[in-house]
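Take a look at the structure set out below.
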Amino acid sequence: MSNRIYLCLAHMSGKEQSFIKEAFDTNWVVPLGPNVNGFEADLKEFVTASIDELETKEVVALSAGTAAVHLALIACGVKPGDEVIVQSFTFCASSHPITYLGAKPVFVDSEMDTWNMDPELLEVAIKDRIEKTGKKPKAIVPVYLYGMPAKIDEIIAVAEKYDIPVIEDAAEGFGSKYNGRCVVHSENTVC
Ligand SMILES: Cc1ncc(COP(=O)(O)O)c(C=O)c1O
(Lines give C-alpha, C1' and ligand atoms only; values in the text may rest on other atoms or scores of the structure.)
Protein backbone atom coordinates (compact mmCIF):
# COMPACT_ATOMS: atom_id res chain seq x y z
CA MET A 1 0.00 0.00 0.00
CA SER A 2 2.92 2.37 0.60
CA ASN A 3 3.45 2.91 -3.14
CA ARG A 4 -0.16 3.88 -3.84
CA ILE A 5 -0.43 7.25 -5.60
CA TYR A 6 -3.50 9.26 -4.61
CA LEU A 7 -5.00 11.44 -7.31
CA CYS A 8 -6.44 14.80 -6.37
CA LEU A 9 -10.13 14.61 -7.14
CA ALA A 10 -12.40 17.63 -6.97
CA HIS A 11 -14.63 17.40 -3.92
CA MET A 12 -17.26 19.50 -2.18
CA SER A 13 -16.77 20.69 1.40
CA GLY A 14 -20.53 20.73 2.04
CA LYS A 15 -20.59 24.50 2.58
CA GLU A 16 -20.81 25.56 -1.09
CA GLN A 17 -24.59 25.98 -1.27
CA SER A 18 -24.76 28.16 1.86
CA PHE A 19 -22.06 30.45 0.40
CA ILE A 20 -23.95 30.69 -2.89
CA LYS A 21 -27.11 31.56 -0.96
CA GLU A 22 -25.18 34.17 1.05
CA ALA A 23 -23.91 35.78 -2.18
CA PHE A 24 -27.49 36.11 -3.45
CA ASP A 25 -28.90 37.24 -0.09
CA THR A 26 -26.26 39.95 0.36
CA ASN A 27 -26.32 40.96 -3.34
CA TRP A 28 -22.61 40.28 -3.80
CA VAL A 29 -23.05 38.39 -7.08
CA VAL A 30 -20.98 41.04 -8.88
CA PRO A 31 -18.38 42.47 -8.97
CA LEU A 32 -16.46 41.18 -5.91
CA GLY A 33 -17.49 41.12 -2.25
CA PRO A 34 -16.15 39.99 1.12
CA ASN A 35 -15.76 36.33 0.15
CA VAL A 36 -13.52 37.16 -2.83
CA ASN A 37 -11.41 39.42 -0.59
CA GLY A 38 -11.24 36.62 1.97
CA PHE A 39 -10.27 34.10 -0.70
CA GLU A 40 -7.45 36.35 -1.96
CA ALA A 41 -6.14 36.88 1.59
CA ASP A 42 -6.22 33.13 2.36
CA LEU A 43 -4.57 32.31 -0.96
CA LYS A 44 -1.83 34.87 -0.36
CA GLU A 45 -1.02 33.21 2.95
CA PHE A 46 -1.11 29.75 1.35
CA VAL A 47 1.34 30.59 -1.44
CA THR A 48 3.67 32.75 0.66
CA ALA A 49 6.78 31.23 2.19
CA SER A 50 7.85 34.08 4.52
CA ILE A 51 6.57 37.19 6.32
CA ASP A 52 8.69 39.41 4.00
CA GLU A 53 7.03 37.88 0.98
CA LEU A 54 3.59 38.44 2.49
CA GLU A 55 4.26 42.18 2.29
CA THR A 56 5.43 42.16 -1.32
CA LYS A 57 3.36 39.48 -3.03
CA GLU A 58 0.03 40.38 -4.63
CA VAL A 59 -2.77 37.87 -5.18
CA VAL A 60 -5.68 38.69 -7.48
CA ALA A 61 -8.64 36.36 -8.05
CA LEU A 62 -9.78 36.26 -11.69
CA SER A 63 -12.60 34.55 -13.56
CA ALA A 64 -10.35 31.84 -15.02
CA GLY A 65 -6.79 30.65 -15.50
CA THR A 66 -6.92 31.80 -19.11
CA ALA A 67 -7.65 35.35 -17.89
CA ALA A 68 -4.56 35.20 -15.65
CA VAL A 69 -2.26 34.24 -18.54
CA HIS A 70 -3.95 36.88 -20.74
CA LEU A 71 -3.48 39.69 -18.19
CA ALA A 72 0.13 38.67 -17.47
CA LEU A 73 0.90 38.88 -21.20
CA ILE A 74 -0.65 42.35 -21.39
CA ALA A 75 1.40 43.35 -18.33
CA CYS A 76 4.51 42.22 -20.22
CA GLY A 77 3.57 44.51 -23.11
CA VAL A 78 2.80 41.76 -25.65
CA LYS A 79 1.45 43.37 -28.82
CA PRO A 80 0.39 42.24 -32.34
CA GLY A 81 3.39 40.90 -34.26
CA ASP A 82 5.35 39.93 -31.13
CA GLU A 83 6.48 36.39 -30.40
CA VAL A 84 5.98 34.58 -27.09
CA ILE A 85 7.68 31.32 -26.16
CA VAL A 86 5.34 28.69 -24.71
CA GLN A 87 5.58 25.06 -23.71
CA SER A 88 4.35 22.80 -26.54
CA PHE A 89 3.04 20.01 -24.27
CA THR A 90 0.24 21.82 -22.46
CA PHE A 91 -3.45 22.66 -22.30
CA CYS A 92 -4.45 25.05 -25.11
CA ALA A 93 -5.14 27.91 -22.67
CA SER A 94 -1.40 28.43 -22.18
CA SER A 95 -1.12 29.65 -25.76
CA HIS A 96 -4.61 30.97 -26.68
CA PRO A 97 -4.16 34.35 -24.95
CA ILE A 98 -0.99 34.90 -27.02
CA THR A 99 -3.08 34.73 -30.18
CA TYR A 100 -5.88 36.87 -28.60
CA LEU A 101 -3.26 39.64 -28.54
CA GLY A 102 -2.27 39.14 -32.18
CA ALA A 103 1.10 37.71 -31.17
CA LYS A 104 2.63 34.43 -32.33
CA PRO A 105 3.32 31.46 -30.05
CA VAL A 106 6.73 29.82 -30.47
CA PHE A 107 6.48 26.30 -29.05
CA VAL A 108 9.32 24.72 -27.07
CA ASP A 109 9.41 20.98 -26.38
CA SER A 110 9.58 19.34 -22.95
CA GLU A 111 12.41 17.50 -21.22
CA MET A 112 12.16 13.93 -19.92
CA ASP A 113 12.29 14.53 -16.15
CA THR A 114 9.30 16.82 -15.57
CA TRP A 115 7.60 16.77 -19.01
CA ASN A 116 7.75 20.56 -18.88
CA MET A 117 9.71 23.18 -20.85
CA ASP A 118 13.27 22.10 -21.62
CA PRO A 119 15.62 24.94 -20.53
CA GLU A 120 18.23 23.95 -23.15
CA LEU A 121 15.71 23.96 -25.98
CA LEU A 122 14.42 27.26 -24.62
CA GLU A 123 17.79 28.87 -25.23
CA VAL A 124 18.01 27.29 -28.70
CA ALA A 125 14.59 28.81 -29.51
CA ILE A 126 15.52 32.27 -28.21
CA LYS A 127 18.72 32.33 -30.28
CA ASP A 128 16.82 31.08 -33.34
CA ARG A 129 14.13 33.77 -33.07
CA ILE A 130 16.69 36.56 -32.53
CA GLU A 131 18.66 35.34 -35.55
CA LYS A 132 15.59 35.01 -37.79
CA THR A 133 13.54 38.04 -36.72
CA GLY A 134 16.08 40.38 -35.17
CA LYS A 135 13.79 40.59 -32.12
CA LYS A 136 13.69 38.85 -28.75
CA PRO A 137 10.51 36.94 -27.80
CA LYS A 138 8.42 39.18 -25.51
CA ALA A 139 7.79 36.58 -22.77
CA ILE A 140 8.33 32.93 -21.82
CA VAL A 141 5.42 30.77 -20.58
CA PRO A 142 6.50 27.53 -18.87
CA VAL A 143 3.71 25.31 -17.49
CA TYR A 144 3.41 23.08 -14.40
CA LEU A 145 1.59 20.36 -16.29
CA TYR A 146 -0.27 17.76 -14.23
CA GLY A 147 0.94 19.63 -11.14
CA MET A 148 4.61 18.86 -11.81
CA PRO A 149 6.87 21.89 -11.28
CA ALA A 150 9.02 22.77 -14.29
CA LYS A 151 12.80 23.25 -13.98
CA ILE A 152 12.08 26.85 -13.18
CA ASP A 153 15.53 27.82 -11.80
CA GLU A 154 17.17 26.80 -15.08
CA ILE A 155 14.40 28.48 -17.09
CA ILE A 156 14.75 31.72 -15.10
CA ALA A 157 18.54 31.61 -15.60
CA VAL A 158 18.07 31.51 -19.39
CA ALA A 159 15.35 34.19 -19.23
CA GLU A 160 17.60 36.49 -17.20
CA LYS A 161 20.47 35.99 -19.62
CA TYR A 162 18.28 37.41 -22.40
CA ASP A 163 16.24 39.72 -20.14
CA ILE A 164 12.87 38.20 -21.06
CA PRO A 165 10.00 38.06 -18.50
CA VAL A 166 8.67 34.66 -17.40
CA ILE A 167 4.97 33.97 -16.85
CA GLU A 168 4.44 30.74 -14.93
CA ASP A 169 1.24 28.93 -15.92
CA ALA A 170 0.51 27.14 -12.66
CA ALA A 171 -3.17 26.42 -13.42
CA GLU A 172 -2.58 22.70 -12.88
CA GLY A 173 0.13 23.19 -10.27
CA PHE A 174 -1.94 24.72 -7.51
CA GLY A 175 -0.57 23.40 -4.21
CA SER A 176 2.58 21.90 -5.76
CA LYS A 177 5.91 22.95 -4.30
CA TYR A 178 9.32 23.62 -5.83
CA ASN A 179 12.27 23.97 -3.44
CA GLY A 180 9.74 24.24 -0.60
CA ARG A 181 7.77 27.09 -2.18
CA CYS A 182 4.28 26.94 -3.69
CA VAL A 183 4.19 27.36 -7.44
CA VAL A 184 1.87 30.17 -8.51
CA HIS A 185 0.59 31.83 -11.64
CA SER A 186 2.97 34.46 -12.97
CA GLU A 187 5.15 34.63 -9.89
CA ASN A 188 8.24 35.65 -11.79
CA THR A 189 6.68 38.09 -14.18
CA VAL A 190 9.08 41.00 -14.40
CA CYS A 191 7.76 43.80 -16.56
C1 LIG B 1 -2.13 24.42 -18.02
C2 LIG B 1 -3.41 25.22 -18.03
N3 LIG B 1 -3.35 26.54 -18.26
C4 LIG B 1 -4.46 27.29 -18.28
C5 LIG B 1 -5.71 26.73 -18.05
C6 LIG B 1 -6.90 27.62 -18.14
O7 LIG B 1 -7.69 27.64 -17.01
P8 LIG B 1 -9.24 27.98 -17.17
O9 LIG B 1 -9.90 26.77 -17.76
O10 LIG B 1 -9.66 28.25 -15.76
O11 LIG B 1 -9.36 29.17 -18.07
C12 LIG B 1 -5.83 25.37 -17.80
C13 LIG B 1 -7.13 24.76 -17.54
O14 LIG B 1 -7.30 23.57 -17.43
C15 LIG B 1 -4.66 24.57 -17.80
O16 LIG B 1 -4.70 23.25 -17.59
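The values are calculated or read from the model by the stated rules, or taken from the named source; none is laboratory data. From a predicted model like this one, the values you see are computed outputs, not experimental measurements. A quick note on method: Cβ atoms are made from the backbone with ideal geometry, for glycine too, and the neighbour counts reach across all protein chains shown.
Conditions (1) in contact with a Ser or Thr (Cβ under 8 Å, 6 or more places away or on another chain); (2) closer than 30 Å to residue 105 by Cβ; (3) aromatic (Phe, Trp, Tyr); (4) at pLDDT below 90, marked per residue:
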position	(1), (2), (3), (4)
2	no, no, no, yes
14	no, no, no, no
25	no, no, no, no
29	no, no, no, yes
48	no, no, no, yes
51	no, no, no, yes
72	yes, yes, no, no
77	no, yes, no, no
81	no, yes, no, no
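Confirm whether residue 22 is away from the ligand (no atom under 16 Å from the Cβ), in contact (Cβ under 8 Å) with a residue 12 or more places away in the chain and over 23 Å from residue 176 (Cβ atoms).
Spelling it out, residue 22 is indeed away from the ligand (no atom under 16 Å from the Cβ), in contact (Cβ under 8 Å) with a residue 12 or more places away in the chain and over 23 Å from residue 176 (Cβ atoms).
In this structure, is residue 31 part of a loop (DSSP other than H, G, I, E, B), outside the structural domain of residue 159 (by TED's automatic domain parsing) and exposed (fewer than 12 other Cβ atoms within 10 Å of the Cβ)?
Yes, satisfied.
Just the residues that are within 16 Å of residue 98 (Cα to Cα) and either at pLDDT below 90 or over 13 Å from the mean Cα position of the chain (by Cα) (or both), please, taken from the range 156-184.
Residue satisfying the conditions is 164 alone.
Does residue 55 satisfy the condition of being loosely packed, with under 15 Cβ neighbours inside 10 Å and of a type in the set (Asp, Glu)?
Yes, satisfied.
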